[in-house]
């Protein structure tokens, strides 16, 4: 009769009952190490695949030509002013049209979180107070 290896006996529910404590511990350790090795290899392959796809995507991207420094900021600010003016006019309704609302300058404040984000955080915290 063919002698079964420890892992073959460990895999069979009927034969596992006949194993000694040391054999069961050895089989459990072997199974654990095999599982950890397989997991490590799969994670390493995923890391390599992600790195490869990152390089492919970075190489395929078309970068626009940079505009003149002064023109880029002027366009961004004018669009920003137009959007903020439209939002205020929408909020004010007909009163904004009669008041001849003009936004001449927008100053950015320093900080990681924008002012509206800070205000939202404070409002959320205040709504949870009992």
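All of the numbers you see were taken from the coordinates with simple rules; none came from a lab. The shown structure was predicted, so the numbers you read here are calculated from the model rather than taken from an experiment. Positions of Cβ are generated from backbone atoms using ideal geometry, with glycine treated the same way; all protein chains shown enter the neighbour counts.
Going by the alpha-carbon gyration tensor, a ≥ b ≥ c the square roots of its eigenvalues, is region 1-43 rounded (a/c under 1.5) or, if a/c is not under 1.5, prolate (a/b greater than b/c) versus oblate? Because a/c hits 1.5 or more and a/b exceeds b/c, region 1-43 counts as prolate. Each of the peptides 7-18, 118-129 was scored by the mean count of other Cβ atoms within 10 Å over its residues; in descending order, highest first, they stand as 7-18, 118-129. Applying 0.36 nm per residue to the separation of residue 113 and residue 33 and subtracting their alpha-carbon distance, the gain on full extension is 24.2 nm. Applying 1/(1 + (r/R0)^6) with r as the Cβ-Cβ distance of residue 87 and residue 128 and R0 = 25 angstrom yields a FRET efficiency of 0.35.
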